[in-house]
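Okay, structure first, notes after.
Each value in this text was obtained by applying a stated rule to the coordinates, not by laboratory testing. Everything quoted here is computed from the prediction, not taken from an experiment. Heads up, the Cβs are rebuilt from the backbone with ideal geometry, glycines too, and the neighbour counts pull from every protein chain shown.
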């Protein structure tokens, strides 16, 4: 807080009896003096013992000088000036940067951000918006679509532009392939098209596929269960569907297919993946088992 004070006025001694300075013991008869805790002091002693030092000029602030003080620092009225432009701050708004006093204009020019839209200073205390390391006056932060100030409303960034929600949904946002409504966040991309997560469903059972393993038949997505039931080939070893998930690789021979772990000798169960094998009616045999016949 900035405060100003005129120190107590000196008094004249008019008494005839002896009346001395409490510090130097010189007579105060016919001289000005100032009382401190009801003890009289001559003017030189008062200034030396009790006067404050000016933060600006480093000189004593005498008893008859108007003194201003701010945050435990004292100034002559004439020394209370902007560190940059030297404008008097006695009746002006100001701020402090470390120990330097600055008028509002100098502080803004040196330390305040500039609005990226109008390139003017955003003054302290004014309404502003900060996003992505940049600063705007509140009225300068406008929708790239309708060019109206977004203010404190929700907005959606798109590259270097910003849109209010209605403009983004109507002009920029991709459309869900199922419901044809704007997709503003999240979603699922499949075969270069986008869906809301709740709209990306199995073609057969209509169960949600987002976050679940799925496959396709032609252009249509299916959950594993429906695909297995409708289209998957059966493993000749375990008689379950070959879906392409989990141990998805499989071996095909003539018109039969096997999961890779199921492709093994029908007698000794050694894996035949990558090895020679011998068909024997419905069986497949490794070289050793075939030579035993």
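Descriptive notes on the structure:
- Projected label points at residue 96 and residue 239, each 7 Å from Cα along the beta carbon direction, are separated by 9.0 nanometres.
- Note on the stretch 132-194: Cα-Cα pairs beyond 16 Å make up 50% of the total pair count.
- Square roots of 5 times each gyration tensor eigenvalue, C-alpha, the chain, largest first, Å: 95, 28, 14
- The packing ranking, built from the mean of other Cβ atoms within 10 Å per residue, places the peptides 249-259, 271-281, 68-78 in the order 68-78, 249-259, 271-281, highest first.
- Cα Rg over Rh - the stretch 17-139, Kirkwood: 1.28
- The calculated FRET efficiency for residue 126 paired with residue 77, based on their beta-carbon distance and R0 = 30 Å, is about 0.50.
- At q = 0.14, 0.19, 0.21 Å⁻¹, base-10 log of I(q)/I(0) for the stretch 234-293 (Debye sum, equal scatterers on each alpha carbon): -0.36, -0.64, -0.77
- The separation of the stretch 76-148 from the stretch 266-287, counted between C-alpha centres, amounts to 83 Å.
- q = 0.14 Å⁻¹, the stretch 178-231: log10 I(q)/I(0) [Debye, one scatterer per Cα]: -0.34
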